[in-house]
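Please read the structure below before turning to the comments.
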């Protein structure tokens, strides 16, 4: 078992709420009357529309009503007070205080607790025997360097996002890697399982309510992230935003929270208490994804301009989660987690000592990116946006470089390539609508695709059979283990494809130059 890393002491909720309110107050002098009124009015409008469907506690309803009255009167003091009250209400909802006692209890029970936590629907489920995830999860990357850096700097872990299982899986992998706990945002729906909620609320998870779409809430989330990073709390967030609907690796990432690392670092410089902040890419490779069918259906609907939001997918049923986790953990090396090379908050690589490096590998002073010649921080949002875009681009490159393919990805890619060859001229939409005998391809055609690709991919895939036959057989077997429809189903000398599922899994390899 790894030795316990240094644990942060999370501030009490009242301190965080006050800090977020203070950040909002400091911005008020820069807000014109009309801009402030628009900000509060937008919050009232969007929240009242949402509250027609969703429940809220009496305190929050009162804050929204007070904001509505302030908009009606147009009084500057009333608008300011309403904005502060809403920000503080959001802060109280977002923040969940980290518990050192709960963390120590959880890590003593690791690694068996992970699977029990994921699959438990009642308290007594926690004591039942479950598979050991330590034998099924493979970690790789510069772990020694990251452990050392975590002791002298604040780390932001930026993983790819595949499934709702990612957050607890990453919590385990951080422990297994000997890294300290990270604060991370978790969707409100993940707290609906009472057992998961108990632990997540005490293991560093803060609550993100994606139903709240108003700008004030999004600004409060950014302020919260900046605040905790500035306090030295390592942070984890998914730059892609939500789970990848199509199954593709993130090629574009959202820069909202990603930019809070740069903000926190500049605040530390300006405050005379400099503390480095480094960004670490992290690429997840999971052979099977619980929500694959719902996610790809949602992606296809979006592309077809009939967008709908998934409210109830496979992850909403505790028994479904339990069944899936049990089967996933029954596979050999079912999950690969690759920690990438760390970078500074303007996108430069760093060495073992935490020095930023230029393209030639020479040390540079990263403070020059944000400070004038006298060492004073210069505020420049447009410049910072460009720096954050640079970090985002580096993350997307790392995801492509570090992803580890599994037999399900390669089998689906080869089957999809064979289907396209059998139906020349048909686009993705027409291919995905094929069913029954139309969606059959000769097994030999799939093997030919694999045989041509495998020699180019030896460095790219996880430990799996060395032959095309072995890879395809393993993919077929694994696909048969959970989904209601088998992505690849043998029918005589052919394979019948569940086209949407095959598209989802093969999409993970889109962008690989070796497969072009």
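The values are calculated or read from the model by the stated rules, or taken from the named source; none is laboratory data. All values derive from a computational prediction rather than experimental measurement. Cβ sites come from the backbone with ideal geometry, for glycine too, and all protein chains shown count toward neighbours.
The requirement of being in contact (Cβ under 8 Å) with a residue 12 or more places away in the chain, assigned to a helix (DSSP H, G or I) and surrounded by 17 or more Cβ atoms within 10 Å (Cβ to Cβ) is fulfilled nowhere in region 481-495; no residue meets it. When the residues of region 392-404 are filtered to those that are surrounded by fewer than 23 Cβ atoms within 10 Å (Cβ to Cβ) and under 17 Å from residue 246 (Cα atoms), the one that is nearest to the chain's Cα centre (by Cα) is 396.
Residues in region 397-408 that are over 13 Å from residue 514 (Cβ atoms) and assigned to a helix (DSSP H, G or I): 397, 398, 399, 402, 407, 408. Being surrounded by 19 or more Cβ atoms within 10 Å (Cβ to Cβ), touching a helix residue (DSSP H, G or I) at 6+ places or on another chain (Cβ under 9 Å) and free of Cβ contacts under 8 Å to residues at least 40 places away in the same chain is a property that does not hold for residue 40.
One residue alone among 365, 351, 358, 380 is exposed (fewer than 10 other Cβ atoms within 10 Å of the Cβ) and free of Cβ contacts under 8 Å to residues at least 60 places away in the same chain, and that residue is 365. The lone criterion from (1) within 29 Å of the chain's Cα centre (by Cα); (2) surrounded by 19 or more Cβ atoms within 10 Å (Cβ to Cβ); (3) not in a helix (DSSP H, G or I) left unmet by residue 463 is number (2).
Residues considered: 177, 183. Of these, the only one that is more than 27 Å from residue 288 (Cβ to Cβ), in contact with a helix residue (DSSP H, G or I) (Cβ under 6 Å, 6 or more places away or on another chain) and at pLDDT 85 or above is 183. When 256, 232, 272 are checked against the criterion of being free of Cβ contacts under 8 Å to residues at least 12 places away in the same chain, in a loop (DSSP other than H, G, I, E, B) and within 25 Å of residue 378 (Cβ to Cβ), 272 stands alone in meeting it. When each of 398, 422 is tested for being farther than 24 Å from residue 475 by Cβ and in contact with a strand residue (DSSP E or B) (Cβ under 7 Å, 6 or more places away or on another chain), the lone residue that passes is 398. Looking only at residues of region 175-188 that are in a helix (DSSP H, G or I) and in contact (Cβ under 8 Å) with a residue 40 or more places away in the chain, we find that the one that is surrounded by the most Cβ atoms within 10 Å (Cβ to Cβ) is 175.
When you scan region 416-459, how many residues do you find that are loosely packed, with under 13 Cβ neighbours inside 10 Å and not in a helix (DSSP H, G or I)? Residues in region 416-459 being loosely packed, with under 13 Cβ neighbours inside 10 Å and not in a helix (DSSP H, G or I): 6 in total.
Yes/no per residue for (1) touching a helix residue (DSSP H, G or I) at 6+ places or on another chain (Cβ under 7 Å); (2) at pLDDT below 80; (3) within 24 Å of residue 260 (Cβ to Cβ):
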residue: 104; (1), (2), (3): no, yes, no
residue: 109; (1), (2), (3): no, yes, no
residue: 114; (1), (2), (3): yes, yes, no
residue: 131; (1), (2), (3): yes, yes, no
residue: 138; (1), (2), (3): no, no, no
residue: 157; (1), (2), (3): no, no, yes
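Every residue in region 26-40 that is within 31 Å of the chain's Cα centre (by Cα) and within 20 Å of residue 73 (Cα to Cα), please. Across region 26-40, the qualifying residues are 39, 40. Just one of (1) surrounded by fewer than 18 Cβ atoms within 10 Å (Cβ to Cβ); (2) assigned to a loop (DSSP other than H, G, I, E, B); (3) in contact (Cβ under 8 Å) with a residue 40 or more places away in the chain fails for residue 11. It is (1).
Within the set 267, 291, the sole residue that is at pLDDT 90 or above and in contact with a helix residue (DSSP H, G or I) (Cβ under 7 Å, 6 or more places away or on another chain) turns out to be 267.
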